[in-house]
Amino acid sequence: MAIPVEEAIAALSTFSLEDEQPDVQGLAVLLSSERYATNSPIEYSDVAAYRLSLGEDTKGINQLNTLIQEGKEMASLLYTYRSCVKALPQLPDSMKHNQADLYLETYQVLDLEMSRLREIQRWQASAASKLAADMQRFSRPERLVNGPTITHFWSMLKLLDVLVQLDHLKNAKASIPNDFSWYKRTFTQVSTQWQDTDTMREELDDLQIFLSTRWAILLNLHAEMFRTNTVEDILQVLIVFCVESLELDFALLFPERHILLRVLPVLVVLATSSEKESESLYKRIKINRLLNIFKNDPVIPAFPDLHLSPAAILKELSSYFQNFSSQTRLLTLPSPHEIPPRELQDYQRHYLILNHMGTIRAEHDDFSIRFASAMNQMIILKSSDGADNDWSRDIKGNMYDIVVEGFQLLSRWTGRIWEQCAWKFSRPCKEPPSDSQHGSTTFFDYEKVVRWNYTAEERRALLELIGYIKSIGLMMQRCDTLVSEALWETIHMEVQDFVQDKLDTMLRTTFRKKKDLSRILSDMRTLSADWMANTSKADSEQHSLHQETEEMRQNTFYPRPVAPTAAQIHCLQFLICELVSGGNLRKPGGLFGNSGSGIPVEDLKQLETFFYKLSFFLHILDYTATIGTLTDLGFLWFREFYLESSRVIQFPIECSLPWMLVEYVTETQDAGLLESVLIPFDLYNDSAQHALTCLKQRFLYDEIEAEVDLSFDLLVEKLNEIIFTYYKSCAASTLLDSSFTYLCDDGEKYFVKPLRFDAIFKLKRVMVLGRTIDLRSLITQRMNKLFRENIDFLLERFESGDLCGVVELQQLLDILELTHQSISKFLELDSYSLMLSEMQENLSLVSYSSRISSQIWNEMQTDFLPNFILCNTTQRFVRSLKGAHHSSQRSSASTGKAYFFCGSHELTMAYQGIAGLYHDFFGIPHMFAVVKLLGSRSLPGIIRALLDHISSKITAMVPKITALQEALPKSIGLLSFDGGIAGCQKIIHEILTWEAKSDVKTEVLHDLKEIGSALYWMSLLDIVLRQIDTTQFMQSAPWLGLIPGNDGQVKHAYSDNTPFTTLLSGATNAVASSPACPNPSSFLVMAKQAEAASLLYKSNLNSGSVLEYALAFTSAALDRHYSKWSATPKTGFIDITTSKDFYRVFSGLQYSYLEESINPSRRQEMLGDSVAWAGCTIMYLLGQQQHFELFDFSCQFLNVAEVENATASLYQSSDRNRSPNFLQGFEGILEAMRKARRLNNHVFSMLRARCPLEDKIACAIKPSGAPLHRMKFTNTVSAFETLPQRSAT
């Protein structure tokens, strides 16, 4: 069944195509072939229908407009002209015989360019002739034709402006004469074979004279003007028109104002060059008026990187026009580089936008508010039916006034940018700033006028003003269709109010008895009155005009959206001029000066106001084109003149003004301008549009496109760095210990200044050179890459350091993870865990290793276990001061970017200071970091590797221990008390005859040290894991219904379900029974998942001990060598004298090490407390603890010392003078032995608590890392088959 059209339209109207993308770009986002539509399609051909005898005038206007369009193309050709000679190849000496062919090819290439110059030469001659003839037509004493009209004036001025610009370009382009000289040289070489070249030579001579003569176009125009009769009248009229228009400055937009400023000095020179009436000009125009205009605008924009100076033009032309050289007041005007310092400050305040930003901001804010309010009223008016006519007229009139004000604002702001650029080009900086960080000592001229000529404040002001222009232009353009009808109705109302009411009043009062003037007024009414909209006038109104009273003449008409045509406006302006001046071009006092016209001041004021309103009507009617013109800022990119003067193909991107503005935003990171970072790309859009449609040069567009590609890539990269740095600084500031910042005197520097990126994150359609770019997607892609690069850098940094850097790595990764969480709120980033696994090369499901785990194990093998010593008191490992037993080869750390650390420099230094506290030791904080970084997936691999290392070290020690056992005497008795401690020391030295096996002894000590370090490392790991398990238990116990029992054990408060499952089950039953929920399947799934979670958490409550597991593994490894290290006594009793078990060897090793550690001359490397941990663990697991405590040399030595000390005490009590000092010289070794005994006792007590010999207990660990319940088993190697094997690590 077909859907009715009305319903379909109504349904479509409910859809919204708007998104959340903010407006951060201006109007010029699309490249179009026809952006401007100001050209009249009928070329004023309908003027003849109004029978005003303006045929000659209209014909002249059309001819001049054609010449203007052609002249603009010629000017574009000259401006974009680049030297061809620079691109010509140079023949090597070996190819000199082909020089004739090279000349021919060169001639053919240059002939094409010279033909264009010849075309310009011919065109300027034709244009000068037609302009002179046009002026002469209206300068005759007798008035044969009507005119010239105001439109004709503008056409003359525009054509003269084109000629002046062409002459200026020809003078400025040094490459043109250079190419011509090469062309003439090649012509001389190749024309020797030709016939009849005289005509070509004459053309070459004429072209050479044209190109080499300064102001040749202007001189030719002067000759054409004064060839037959003088044109002083029309020149003076044009000067008066220019001066009055510039002084009034009401209906002028900035392009028109700049045209008047460029042509006025030339007109003055031409008007005073006549011998007859050179002084008559200053009788009509006071010279002070001209001086004020020239002083107020000493620099006039001409081309994007070329400017004109009225003073320079007057001075230079004075040498060509002798009559003008007597005008000393005009010739004494200073050029821009001659301005005195006192006046220079005034000009700086005038030209620099920075000095006007306060006013501009106020104007922008006020206009934006009032425009939005007017738009709301227009929307209300559109939605209301039968609105009051007066209210509707007021709203539309207000809208028209605001649009006019908007055009004037845009014109004034864009004109300020043009004029500031011209001022900068005229006043280049002498030297770049000292902080420019530019390595080169030479600079381009373009750098002096652009790159180094704008301060940071000026760049900010320029960027802010560009943003205002683009935002106001976009705001006005978007409401084009909404306000167009209101604008046309208001224009219609203005015209009809004037011609039907005000002119009617004038006809009946002022002009009642002036038939000639009444005829003009009647023509104006006939021309533009809309009687169809009149509700009170009858057809016979004109016949009864003089019989009706004043009250009956009030006309009531309804405005219609019917605007006047360009021809009607043209004719109305002509008729007003005729009415005021009477066709007298020499009328003193100007157009509305009221000198001899006989028109009252009030009527003259009304005519003047309506006259200038007519001028602005054309801009309003061409709404879109006017906005496009007023918001076109593409000139800020072009630099053709400086490319030629600098002799380079193109300047670096750092010299480009659009990129300078982008760079300013990215470097300063101003929160107020960050969202305007894309505004400078509108300049690229404007310049590309200008290159294609106005200059019509594809190579310029290609250069712009290349720079845009580079600029946009750099912008995305810088944006990513800014966003990444900001959120990383926020994360680092959040994770920084608050007590640290509280104690700092300048703790405020660790807080991050807030920035807003919401608008940037929403940009999915950025328009650049006609292309739509998803900036959000690009930022997301590069952000993912940046996170991966950051992770890789941190891992490389960790791999280049020792194991103590694991705390810093964990801190930096925590900051990075929080940064990822913050940015993920706005962008669809890859999972952080996925990126971390990817950079750790740990993506495989069967891989239990990673870069971090591999580095940790590599460091433990090569550096930590050999070179770190244990301090049992502080529970820390520190690096040995005696050097490394094994050298550790590491790759040097790569230099990372600042934002790879903690974002800001202050936070980076703070975190590096905190991390520096953990760089000199390894302890509990490092173990927490290891557990967090490795996780349950990689940690079992490290445990297995350490256990294998212990087993391999035990196996490697077997032959070494055997060698030491063989070196012991066959009988080792108890130490005698008779000889005292000196005798005991002598007996021990006789027993421990290991001098020949010192290397073996050292290696055994180092093996024991590594075993002890590994075991203690396991104990630290066990402490950390138990603390983590306790925390998890405390968090999950209430949800699992666990409570403490009377016996200290945990018991379940609920027999069947846990509180967690009970809660979700009750909620599911309530939802399922509710009729408002027809599909409770999701709640049922949730209840099942709660039951599974409860079972999972219950199964992990009774976790095992890694230390107990390691001790059981070590015991199993020792069982293989039990017979060698713990021989069974043959008699069944303790063997006192002949035993060479492990405890005997370790006792000797410990004594030797203690003795050497206190001997300064024989002090060796400190081994720390790891040796005692390893020796005591092995003896305990071998069941030799009591043997060691009974027969340890150190213990016996201490016993003897205690006896001697008691003896010394007795002597001291009986006879103090005769008491010998038995312990003198042995204090150091005795203290070392006492410390060793306390350490041994501590280790034995820990081992008895964690691994009782009568009930050996350990735990097994699954390959997944989950520990099993505590279990009893026989200490054999087969009991550990549940561990991951070597091949799996």
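The values are calculated or read from the model by the stated rules, or taken from the named source; none is laboratory data. Nothing here was measured: the structure is a model prediction, and the numbers come from that model. As a convention, Cβ positions derive from the backbone with ideal geometry for all residues, glycine included, and neighbour counts pool all protein chains shown. Surface accessibility is based on the protein's heavy atoms, side chains included, excluding ligands, DNA and RNA. Shrake-Rupley method; radii C 1.70, N 1.55, O 1.52, S 1.80 Å.
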**Message:** Taking the Cα centre as origin and putting +1 on Lys and Arg beta-carbons and -1 on Asp and Glu beta-carbons, what dipole magnitude results for the stretch 696-854, to the nearest 20 debye?
**Reply:** 820 debye
**Asked** Heavy-atom accessible area per residue, the stretch 777-852, 1.4 Å probe: how many Å²?
**Response** 40 Å²
**Message:** As a quick test, which of the pairs Lys470/Lys762; Lys286/Lys424; Lys72/Lys430 have an alpha carbon distance above 23 angstrom in this structure?
**Reply:** Lys286/Lys424; Lys72/Lys430
**Prompt:** From the residues Tyr727, Val768, Tyr750, which one has its Cα farthest along the dipole of the stretch 701-785 in the positive direction, the dipole being from +1 and -1 charges on Cβ of Lys/Arg and Asp/Glu about the Cα centre?
**Reply:** Tyr727
**Cβ-based net charge around Phe254, under 9 Å, with every Lys or Arg adding one and every Asp or Glu removing one** = +1
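Applying 1/(1 + (r/R0)^6) with R0 = 60 Å to the Cβ-Cβ distance of Arg116 and Ile1028, what FRET efficiency is obtained, to the nearest 0.05? The partial results should precede the final answer.
Details: r = 82 Å, r/R0 = 1.37.
The pair Arg116/Ile1028 has a calculated efficiency of 0.15.
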**Request:** Evaluate the Debye formula for the stretch 124-255 with equal point scatterers sitting on the alpha carbons, no solvent, and hand back log10 of I(q)/I(0) at q = 0.10, 0.16 Å⁻¹, in q order, two decimals.
**Result:** -0.49, -0.91
**Request:** Compare the Cα positions of Val263, Ser280, Ile313 along the charge dipole of the stretch 257-327 (+1 at Cβ of Lys, Arg; -1 at Cβ of Asp, Glu; about the Cα centre) and return the one farthest towards the positive end.
**Result:** Ser280
**Prompt:** Over the heavy atoms of Lys59, what accessible area does a 1.4 Å probe trace out, to the nearest 10 Å²?
**Reply:** 120 Å²
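Based on alpha-carbon atoms only, what is the radius of gyration of the stretch 951-1026 relative to the globular estimate 2.2 N^0.38 Å? It would help to have the intermediate numbers written out before the result.
Details: Rg = 17.4 Å, N = 76, 2.2 N^0.38 = 11.4 Å.
That ratio works out to 1.52.
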**Message:** Over 18 Å between Cα atoms: which of Lys1009/Lys1140; Lys953/Lys1001; Lys728/Lys785 fall into that group?
**Reply:** Lys1009/Lys1140
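Could you calculate the contour length gain from Leu710 to Asp101, that is, 0.36 nm times the residue separation minus the distance between their Cα atoms, to one decimal place in nm? Working shown, then result.
On the way: separation 609, 0.36 × 609 = 219.24 nm, distance 4.03 nm.
Extending this stretch completely gives an extra 215.2 nm.
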**Fill in**
Filtered hits (aspartates and glutamates, Cα-Cα < 17 Å from Lys283, offset >= 8 within chain) -> Glu232, Asp233, Glu244, Glu275
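What full-extension length gain, to one decimal in nm, is calculated for Ala956 and Arg201 as 0.36 nm per residue of separation minus the Cα-Cα distance? Don't skip to the answer; put the middle values down first.
Working: separation 755, 0.36 × 755 = 271.80 nm, distance 10.35 nm.
Stretched fully, the Ala956-Arg201 segment lengthens by 261.4 nm.
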**Item:** Cβ-defined net charge surrounding Leu77, 14 Å radius [Lys, Arg +1; Asp, Glu -1]
**Value:** +3
**Request:** Mind giving me the FRET efficiency for Ser484 and Asn376? R0 is 22 Å, r the Cβ-Cβ distance, nearest 0.05 is fine.
**Result:** 0.80
**Prompt:** On full extension of the chain, what length is gained from Lys283 through Ile3, given 0.36 nm per residue of separation minus the C-alpha to C-alpha distance?
**Reply:** 92.9 nm
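Taking the Cα centre as origin and putting +1 on Lys and Arg beta-carbons and -1 on Asp and Glu beta-carbons, what dipole magnitude results for the stretch 176-253, to the nearest 20 debye? Don't jump to the answer; show the numbers that get you there.
Values: 5 positive and 13 negative charges, 87 e Å.
Dipole size: approximately 420 debye.
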**Complete:** Cross-link reach from Lys396 to lysines, straight Cα distance under 20 Å and at least 8 residues apart if same chain, gives Lys382, Lys613
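Compute the FRET efficiency between Val1071 and Asp737 as 1/(1 + (r/R0)^6), taking r as their Cβ-Cβ distance and R0 = 60 Å, and round to the nearest 0.05. Each step should come with its number before you reach the end.
On the way: r = 45 Å, r/R0 = 0.75.
Efficiency at R0 = 60 Å is approximately 0.85.
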**Message:** Using the Cα centre of the stretch 895-1046 as origin and beta-carbon charges of +1 (Lys, Arg) and -1 (Asp, Glu), tell me which of Leu1005, Ala898, Trp1039 is placed farthest towards the positive end of the dipole.
**Reply:** Trp1039
**Message:** For Leu710, Leu281, give me the order by solvent-accessible area with a 1.4 Å probe, most accessible first, ignoring ligands, DNA and RNA.
**Reply:** Leu710, Leu281
